[in-house]
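Engineer: Next up is a structure, given as structure tokens.
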Amino acid sequence: MIKKVLLVGNPNTGKSTIFNALTGKHQHTGNWSGKTVGNASGIMKYKNREFEITDLPGIYSLDPISEDEKQAVDCLKSGIAHLIVVVLDATCLERNLILASEITKLCTNVIVCVNLLDEAEKKGISVDIDKLGKMLKTKVIPTKARSGIGIRELKEEIYSYNKKCGCCCCSADCIYRNCVYSDQDIINNKDRKIDRILTSRIFGIPIMLLLLCCILWITIWGANYPSGILSHFFGRIEEFLLIYFEDSNILIRGLLIEGVFRTLSWVVSVMLPPMAIFFPLFTILEDLGYLPRIAFNMDHIFKKANAHSKMILSMCMGLGCNAAGVISTRIIESKKERLIAIITNNFMPCNGRFSSLIMLATVFISGGMLVSVKVALAVTAAILSGVLITFIVSYILSNTVLKGEQSSFVLELPPYRAPQPMAIIRRSIRERIVYVLFRAVAVAAPAGAVIWLLQNVSYNDITLLAYIADFLDPFARLMGLDGYILTAFIIGMPANEIVIPIVLMCYTRSSGLIEFNSLSELGELLRANGWTYITAICTMIFSLNHFPCATSLLTIKKETGSMKWTVASFVIPTGVGIILCIAANCILKLL
Amino acid sequence: MNNVILLTAVPMNTAVFIFDIKKSPCSDRLNELGFTKGTRIVPLHESPGRSAAAYFVKGAVIALRNTDADTIYVSMEESCYD
């Protein structure tokens, strides 16, 4: 039987980094408390033996408060572990030792790992490891997990562990005073100097907005060229396939090449480049430790909206994927505020949707040299409007169906850490490029087949797609869209990144367009199908405010355990989207 | 008791010691983060909207909303709580 080893400790002590180093897995890491919200398991192979390592969400004590902490403590107390490895942050031992001493009093199968010793040395903190081991009555391993130092010793200790430790009888304060020597300057150190700028009253919020705009500008500027190259590449392949299968069955030519292959190539060439660029840039901010500072900077706005400031962390996660954003709401202790965070998470455009926003803005904004700056400003405005709608809906919910006392805002501001570029690039390739390619095959390809069938199966000389689009058209026109756009949103429910490719598929059949040199070339196709700037704005609004994708809905059902709140999460953003689209359409037409 | 004040009344970068914490929905969380009687605490900086501030406590920097910080009474002297 494989022996189980649990990694426990305060949040943000480097447990996931150690887990990855032990197992060779790629568990998400991030420089903020609450990044890990679920258990992750992996196998560590060492000297022909296998151990199941479990990375638990961070806890501060054995009396859990939030959902993720309850899960960790339940696992810890279940007695399933052969060995418990308590991971401590060497820069913050005064507090970390409270949990370590609690665990060593409760369990005897414990070893302690003092991590982040490199950061502690830089801050002028030194730790007497031998003395710490004697006072905790257990083995203590020093590590610098980010650079891999001490991991081999930790593996060896896990492998050779066979004797129970003694029961620690010293208080955490006593252990700290005897084992840790610190001459750090807490007021004028590097972190405080950076904080005085990034969270300052004058510069805090402007810097935040500027960073968002810069990230989007780099994404937009950088995505245009790879999009054109990928489109050209897939266009050539499609031409070759069409020639090669010229005499083949209509199903092979039509369904597989014009349906499946073309949709797949649209998703990869239009959607992949922005995702592949935005994700690593966002990860740099995450690894730096900037996300909790955003929550700190925006606390007064969340307070006015009767929402929890930690919600901004789940909103940031929602920018990557709304399903991940919904799961990350586990860090919010209050049930009421967690529900608000879950229901409103969809107002943050996920990677798939903001790639659509970027494309739509690029297509309809022209202006020479500064075009990418204008597009970045337009997409920033779209994301900020999502934030504003989140505040308004949160305020309404917290004063009506989810009324209750406002809970506290207590959040750790982690030390600033230099991002690891190679790790970020590896993670982006693995999590974005491979993920998008997988989704392109799993979701976009079947959707392409469905669209092609709807375009080619006719009744009374009218295609099924035309029937559906005609049926939806009057309502869609009222919303400033057309029947095809609304059909694409409905068919694109499995994944948001396929919505715009489906719209393009619907239009390209008549135009024969299979490749483009830049995103702005797509504008010609859309204009030829009756699009105006009003259509683009209304499509952007509905893209921001509509039902969550299928994966997010399933996650909401799982996280809330309630059909009622899942339906609410579907209806509320869709209702908001319909109202805003109708309003925008009417107002813009009057102008 | 004369030198006991609310945490929010302490000037920035001034070290004080926790005298008492009023029972509130967040008192358990504060306790496990190291906000316990006698602990040294230093207010570092305020949030842009002045609704919260960052405090140095037991080696970590914790952001607290002022309404939560108002549940914490502090003293300028370490021995005051004894």
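The values are calculated or read from the model by the stated rules, or taken from the named source; none is laboratory data. All figures in this text were calculated on a predicted structure; none of them were measured in a lab. Cβ coordinates were reconstructed from backbone atoms using ideal geometry, including for glycine residues, and neighbour counts include every protein chain displayed. Note: areas computed on protein heavy atoms with side chains; ligands, DNA, RNA excluded. Shrake-Rupley method; radii C 1.70, N 1.55, O 1.52, S 1.80 Å.
Engineer: Would you please name the residue that is least open to solvent (accessible area, probe 1.4 Å), looking only at residues in segment B:19-30 that are in a loop (DSSP other than H, G, I, E, B), facing chain A (nearest Cβ under 9 Å) and not small (G, A, S)? Before the answer, list the steps.
Structural biologist: Pass one, segment B:19-30, residues in a loop (DSSP other than H, G, I, E, B): B:22-26.
Filter again for facing chain A (nearest Cβ under 9 Å), leaving B:24-26.
Then keep just the ones that are not small (G, A, S); that gives B:25-26.
On the way: B:P25: 108, B:C26: 2 Å².
Applying the filter and picking the extreme gives B:C26.
Engineer: Right, next: Here are A:A449, A:A440, A:A488, A:A445: which of them is in contact with a helix residue (DSSP H, G or I) (Cβ under 9 Å, 6 or more places away or on another chain), in a helix (DSSP H, G or I), open to solvent by less than 60 Å² (accessible area, probe 1.4 Å) and over 16 Å from A:G352 (Cβ atoms)?
Structural biologist: Result of the check over A:A449, A:A440, A:A488, A:A445: A:A449.
Engineer: Out of A:C168, A:C213, report the one residue that is open to solvent by less than 30 Å² (accessible area, probe 1.4 Å), out of contact with any Pro (no Cβ under 8 Å at 6 or more places or on another chain), more than 14 Å from every other protein chain (Cβ to nearest Cβ) and modelled with pLDDT under 85.
Structural biologist: Working: A:C213 fails: modelled with pLDDT under 85.
On inspection, the qualifying residue turns out to be A:C168.
Engineer: Among the residues that make up segment A:386-399, is at least one of them under 18 Å from A:L210 (Cβ atoms), under 20 Å from the mean Cα position of the chain (by Cα), in the same structural domain as A:S569 (by TED's automatic domain parsing) and of a type in the set (A, V, I, L, M)?
Structural biologist: Yes, segment A:386-399 contains at least one residue that is under 18 Å from A:L210 (Cβ atoms), under 20 Å from the mean Cα position of the chain (by Cα), in the same structural domain as A:S569 (by TED's automatic domain parsing) and of a type in the set (A, V, I, L, M).
Engineer: For A:R330, indicate whether it is open to solvent by 20 Å² or more (accessible area, probe 1.4 Å), at pLDDT 85 or above and either assigned to a loop (DSSP other than H, G, I, E, B) or out of contact with any Phe, Trp or Tyr (no Cβ under 6 Å at 6 or more places or on another chain) (or both).
Structural biologist: Taking the combined requirement at face value, the residue satisfies it.
Engineer: Pairs under 6 Å by beta carbon, first residue within 11 Å of chain B (Cβ to nearest Cβ) in segment A:398-412, partner surrounded by 21 or more Cβ atoms within 10 Å (Cβ to Cβ) and assigned to a strand (DSSP E or B), six or more apart or different chains?
Structural biologist: A:F409/B:R65; A:V410/B:L64; A:L411/B:A63; A:E412/B:A60; A:E412/B:I62
Engineer: Being free of Cβ contacts under 8 Å to residues at least 24 places away in the same chain, out of contact with any Phe, Trp or Tyr (no Cβ under 9 Å at 6 or more places or on another chain) and in the same structural domain as A:K77 (by TED's automatic domain parsing): is that true of A:N39 here?
Structural biologist: So A:N39 does not fit the description; no.
Engineer: In segment B:31-39, is there at least one residue being at negative phi and either of a type in the set (K, R) or more than 10 Å from chain A (Cβ to nearest Cβ) (or both)?
Structural biologist: Step one: list which residues in segment B:31-39 are at negative phi, which gives B:31-33, B:35-37, B:39.
Now narrow it down to the ones that are either of a type in the set (K, R) or more than 10 Å from chain A (Cβ to nearest Cβ) (or both): B:37.
The answer is yes; a qualifying residue exists.
Engineer: Does B:V16 satisfy being buried (at least 20 other Cβ atoms within 10 Å of the Cβ) and more than 10 Å from chain A (Cβ to nearest Cβ)?
Structural biologist: Criteria met by B:V16.
Engineer: Of A:L88, A:L93, which residue is part of a strand (DSSP E or B), crowded, with 19+ Cβ neighbours inside 10 Å and within 12 Å of chain B (Cβ to nearest Cβ)? Let's see the steps before the verdict.
Structural biologist: Working: A:L93 fails: part of a strand (DSSP E or B).
One residue alone meets the criteria, A:L88.
Engineer: While we're looking at this one, here's another question. Mind listing whichever residues of segment B:49-82 are within 7 Å of another protein chain (Cβ to nearest Cβ) and farther than 24 Å from A:E405 by Cα?
Structural biologist: B:F56, B:K58, B:G59, B:A60, B:V61
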